[in-house]
Amino acid sequence: MKYSIPLSFIYALLGQKEKALKHMEEIYTNDIYNMFWDQVQNDYLLKDLYNKPEFQTIINKAQAKRAKMRAVVRKMEKQGKIDL
């Protein structure tokens with residue numbers, strides 16, 4: 001199965017909350033980079049998922065991973081390995 005955040009939106013809009021959450025968890029677990037993580041946490045289409053603990057857990061994990069990646073990039077920049 002191909003995983004994507006937009007497909008999770010579709011599941012949520014169809015009222016299939018558990019399927020949407022499972023799909024998002026699979027995206028995170030399989031380390032699929034997706035530029036939509038920032039959008040997900042505030043997107044009106046997913047408003048029915050906001051209060052679900054599973055949703056908050058996925059968002060928190062994605063934010064932590066992103067912060068870690070940013071720290072690595074900043075460190076590389078300071079070391080002169082990359083020039084941004």
Condition set among the β-branched types (Val, Ile, Thr) and in contact (Cβ under 8 Å) with a residue 24 or more places away in the chain, scope region 38-84, selection farthest from Ala12 (Cα to Cα): answer is Ile58
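Look at region 1-26 and say how many of its residues are touching a helix residue (DSSP H, G or I) at 6+ places or on another chain (Cβ under 9 Å) and modelled with pLDDT under 85.
Number of matching residues: 4.
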Restricting to region 49-84, give me the number of residues that are at pLDDT 90 or above and acidic (Asp, Glu). 2
Kindly list, by first and then second residue, each pair from a residue in region 5-17 that is within 20 Å of Pro53 (Cα to Cα) to a residue that is of a type in the set (Phe, Trp, Tyr), limited to pairs with Cβ atoms under 8 Å and residues at least 6 apart or on different chains. Ile5/Phe36; Ile5/Trp37; Lys17/Tyr11
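The values are calculated or read from the model by the stated rules, or taken from the named source; none is laboratory data. Quick caveat: nothing in here was measured; it's all calculated off a predicted structure. For neighbour counting, all protein chains shown are included, and Cβ atoms are generated from backbone atoms with ideal geometry for every residue, glycine included.
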